[in-house]
Amino acid sequence: MKELSPISGGSLLQTLHSEIQAPTPYSEDIFLLATAAAGTTHVAGIEELEPFLRPGERLEMIRVPDNPSDPNAIKLYTRDRVKVGYVPRRDNQILARLMDAGKLLYAVIRDKRWQQDWLQLGIDIYMTED
C-alpha cells in the first residue's frame, strides 16, 4: 500500500485541508418556511400601511413568549417597527424554539393581495447569522 506523504515539506493535514473545499457555515441565509402572516385584519391602519409593504421587503421577527393566547407567538414588524401581524400558530413552534436558542430569523414579503377586508401577506422565513 502506498503511504501518504506531505507535499513540499508541509504536513499531511495541511495538504489534505488545502485540497478540500468545504462550504462555510451560513455562507447563505437558510430558507425555512413559506407561509402567510396571521392577524393582519387586527392591525390598526393596515389599509394605510399596505401600499408601503412591498414584495422583497424584509420583516423583523420578535418573540412574544408572554403572549397569553400563544406562548410560541412571534410578531412581524417592518424595519420601522410597525407591527404587521404574526407568524401563524400552525407554523411557529419550531421557529420559536430556534429563536429561544438564539438563532436569528427574519421574514421577507413574497406577495400580497386583498381578500375582502383581509390583507393576505405571503412571507418567506429565513435563518441568518447576522
What number, in nm² with one decimal, is the all-direction average of the projected area of the convex hull of the alpha-carbon atoms of region 76-130? 4.5
Quick one: if the Förster radius is 30 Å, what FRET efficiency do ASP29 and ASN67 give, using the C-beta to C-beta distance and rounding to 0.05? 0.70
So, by mean Cβ neighbours within 10 angstrom, what's the order for 64-71, 38-45, 84-91, 122-129 with the highest one leading? 84-91, 122-129, 38-45, 64-71
Working note, region 25-128: Cα radius of gyration (Å, one decimal) and Dmax (Å, whole number) are 13.2, 44
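Values quoted throughout were computed directly from the atomic coordinates according to the rules given, and no laboratory measurement underlies them. In this text, all values refer to a predicted model and were calculated from it rather than measured experimentally. Glycine gets a Cβ as well: all are built from the backbone with ideal geometry, and neighbour counts include every protein chain shown.
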